[in-house]
Structures are given as structure tokens and as C-alpha cells.
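Reading through the C-alpha cells given below for one structure.
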Amino acid sequence: MKYSFHPDAEKELNEAIAYYNKCQNGLGIEFTKEVYLAIQNILSFPHACTQLSANTRRCLTNRFPYGVIYQITDKEIFIIAVMHLSRGPNYWEKRERKT
């Protein structure tokens, strides 16, 4: 199965990488690895993560306070947010694809 990012989710990912790189050299790379490990887990077990709504699930990263919010479609995993867990919990709902 393949995956794609909502443009705003990709922007969130890139902003978080830049933030962590400013905090410590190489930390952005570590964050990127954690996010992509979460995506690999989603691809392997798409229904295993916490269900947030009828069409949406969340997979947590291990080392960082982030969750990958996604939807499962017939053709792909659609990532709608790379969310910091202290951010407003439902800000991403407007990005959901209605299936």
C-alpha cells in the first residue's frame, strides 16, 4: 500500500523537522526517522492504531510528542496531520476526506 500527505500535513512535518534541527544538530533527522517508522507501522497494520472518528486514526511516535493522523482508503493511506500532541485535538478535522 502507498501513502500520501495532505499539503498541510507535509508542512507540519517540515516545520517540526526545522524546529528540532534548531534545538540540536541532527535531532530533526531523528524526528524524521520516528515519523517514517510510524508510517511504516501504519502501512503494515493500518487498523491497529487508535480510532479518532469513523474514518480517521492516530499512530503515536515513540520519542517525540507527535501523532500521525491518517485515513485508510481503497488505494492508499492518506496522512492528514503530523500533530504535536499538545495542539488543539481536532484542528485537522477540516482536512478529512469524506469516504
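All of the numbers you see were taken from the coordinates with simple rules; none came from a lab. No experiment lies behind these values; they were computed from the predicted model shown. Note: ideal-geometry Cβ built from the backbone for every residue, glycine included; neighbour counts use all protein chains shown.
Full extension from residue 25 to residue 8: what is 0.36 nm times the residue separation minus their Cα-Cα distance, to one decimal in nm? Additional length available on full extension: 3.6 nm.
The relative contact order of the chain, computed from alpha carbon pairs under 8 Å that lie at least 6 residues apart in sequence, is 30 percent. Divide by every residue of the chain the summed helix terms, -39500 (n - 2.57) for each DSSP H run of at least 4, and state the resulting mean residue ellipticity at 222 nm, rounded to the nearest 500 deg cm²/dmol. That comes out to -12000 deg cm²/dmol.
Taking the Cα atoms of the stretch 36-87, the ratio Rg/Rh between the radius of gyration and the Kirkwood radius comes to 0.93. Length available on full extension from residue 75 to residue 63: 0.36 nm per residue minus the Cα-Cα distance, which gives 1.4 nm. Above 15 Å lies some portion of the pair distances; for the chain, what is it as a whole percent of all C-alpha pairs? Summing the P(r) of the chain above 15 Å gives 58 percent of all pairs. Listed peptides 78-86, 45-53 appear in the order 78-86, 45-53 once ranked by packing, highest mean of other Cβ atoms within 10 Å at the front. In straight-distance terms, cross-link reach from residue 2 covers every one of the lysines whose alpha-carbon lies under 26 Å from its own, apart from those fewer than eight places away in the same chain; here that gives 11, 33, 75, 94, 98. Taking trypsin sites (Lys or Arg not before Pro) across the stretch 48-99, the ones in a DSSP loop with at most 10 further Cβ atoms lying within 10 angstrom of their Cβ are 75, 98.
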